[in-house]
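Q: Here it is, the structure in full.
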Amino acid sequence: MIPLDLPELAKPTGELCAYCVEGAGCGVHAIRPQTCRTWFCLWRVIELSDDWRPDRSGIVVRPDGLETGEITLYVVRRTDFLTSMEVFGVVAGWIAQDVDVALSVPGPVGTYPARAVVTDWLRPAVEAGDRDDFNRRVAASLDRLEQHDWQADGITARYAVHIA
């Protein structure tokens, strides 16, 4: 649910693309804009299990901060997977490899998401191997992010992909 502001396609943050067909995916897949062709959720790129698929996990593993050694978990909705051993293990592994972890949450449609690097906040629970404390810290971080002062993205929806 990323913002797009391209000549052929614009949509506010948090708005589902008008070309999305429920249960089928992109209705203009064969002629979709280049941005749509090249963007991948990182769960595919870094080869996480299918449990990380955003429609199942509620988490989009975003490239935000990747160039500076950060991985962003954009929590679209809280699911049981968020508190799973797999999430704990993967995030603990990243932190052990000195990869910074950020959490992000969506705001109202038309606003930028809130995001914060939480590596140092999560580290004590990770180093203690305490998944319950880790889950409490993740939940507290998400609660705080959801109280963010949302900033409008200023994007007006525009759809100009021409279907032949």
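The values are calculated or read from the model by the stated rules, or taken from the named source; none is laboratory data. These numbers were taken from a predicted model, which means no experiment stands behind them. Cβ atoms come from the backbone with ideal geometry, glycine included; neighbour counts cover every protein chain shown. All accessible areas refer to the heavy atoms of the entire protein, side chains included, with ligands and DNA or RNA removed. Shrake-Rupley method; radii C 1.70, N 1.55, O 1.52, S 1.80 Å.
Q: Restricting attention to segment 57-75, which residues are of a type outside the set (G, A, S) and in contact with a helix residue (DSSP H, G or I) (Cβ under 7 Å, 6 or more places away or on another chain)?
A: Our first condition is that a residue be of a type outside the set (G, A, S); within segment 57-75, this holds for 59-64, 66-68, 70-75.
I59, V60, V61, R62, P63, I71, V75, listed by residue number.
Q: Give the number of residues within segment 120-140 that are crowded, with 19+ Cβ neighbours inside 10 Å and under 17 Å from the mean Cα position of the chain (by Cα).
A: Going through segment 120-140 one residue at a time, the tally reaches 1.
Q: Let me ask you something else. Counting only residues that are more than 15 Å from G89 (Cα to Cα) and not hydroxyl-bearing (S, T, Y), how many does segment 112-136 have? Give the steps one after another, and end with the answer.
A: Within segment 112-136, the first condition is being more than 15 Å from G89 (Cα to Cα), and the residues that meet it are 112-118, 120-121, 136.
Remaining after also requiring not hydroxyl-bearing (S, T, Y): 113-118, 120-121, 136.
Matching residues across segment 112-136 total 9.
Q: Take segment 141-158 and flag every residue that is over 21 Å from the mean Cα position of the chain (by Cα) and loosely packed, with under 13 Cβ neighbours inside 10 Å.
A: Residue satisfying the conditions is T156 alone.
Q: So, in segment 14-45, how many residues would count as being surrounded by 10 or more Cβ atoms within 10 Å (Cβ to Cβ), assigned to a loop (DSSP other than H, G, I, E, B) and over 12 Å from the mean Cα position of the chain (by Cα)?
A: So the count comes out to 10.
Q: Something else about it: Among L82, L73, L66, L48, which is the only one that is within 12 Å of the chain's Cα centre (by Cα) and in contact (Cβ under 8 Å) with a residue 24 or more places away in the chain? Explain how you work it out, then say what you get.
A: On the way: L82 fails: within 12 Å of the chain's Cα centre (by Cα); L66 fails: within 12 Å of the chain's Cα centre (by Cα); L48 fails: within 12 Å of the chain's Cα centre (by Cα).
Testing whether each residue is within 12 Å of the chain's Cα centre (by Cα) and in contact (Cβ under 8 Å) with a residue 24 or more places away in the chain leaves just L73.
Q: Additional query: Give me the pairs: first residue in segment 103-117 and within 17 Å of A139 (Cβ to Cβ), second residue aromatic (F, W, Y) and buried (at least 19 other Cβ atoms within 10 Å of the Cβ), beta-carbon distance under 7 Å, and six or more apart or on different chains, which are they?
A: These pairs meet every condition: S104/Y74.
Q: Restricting attention to segment 51-63, which residues are basic (K, R) and free of Cβ contacts under 8 Å to residues at least 40 places away in the same chain? Steps first, answer last, please.
A: Here is the first cut: in segment 51-63, the residues basic (K, R) are 53, 56, 62.
Across segment 51-63, the qualifying residues are R53, R56.
Q: Would you confirm whether or not segment 115-123 contains a residue that is within 22 Å of G25 (Cα to Cα) and out of contact with any Phe, Trp or Tyr (no Cβ under 8 Å at 6 or more places or on another chain)? Talk me through it step by step, then tell me what you get.
A: So in segment 115-123, the residues within 22 Å of G25 (Cα to Cα) come out as none.
Checked against the condition, which is being within 22 Å of G25 (Cα to Cα) and out of contact with any Phe, Trp or Tyr (no Cβ under 8 Å at 6 or more places or on another chain), segment 115-123 yields no hits at all.
Q: Return the total of residues in segment 51-90 being open to solvent by 90 Å² or more (accessible area, probe 1.4 Å) and in contact with a Lys or Arg (Cβ under 7 Å, 6 or more places away or on another chain).
A: 1
Q: As an exercise: evaluate E47 against (1) on the phi > 0 side of the Ramachandran plot; (2) modelled with pLDDT of 85 or more and give the number of the one condition it does not meet.
A: Here E47 clears every test but (2).
Q: Scanning for something over 19 Å from W39 (Cα atoms) and touching an Asp or Glu at 6+ places or on another chain (Cβ under 7 Å), does segment 132-145 turn up at least one residue?
A: Residues of segment 132-145 over 19 Å from W39 (Cα atoms): 132-145.
Filter once more, so that each one left must be touching an Asp or Glu at 6+ places or on another chain (Cβ under 7 Å): none.
No; the residues of segment 132-145 include none that is over 19 Å from W39 (Cα atoms) and touching an Asp or Glu at 6+ places or on another chain (Cβ under 7 Å).
Q: List, please: which pairs have Cβ atoms under 6 Å, are six or more places apart or on different chains, and start with a residue in segment 126-142 that is over 18 Å from D100 (Cβ atoms) and part of a helix (DSSP H, G or I) and end with one that is open to solvent by 30 Å² or more (accessible area, probe 1.4 Å) and hydroxyl-bearing (S, T, Y)?
A: N135/T83
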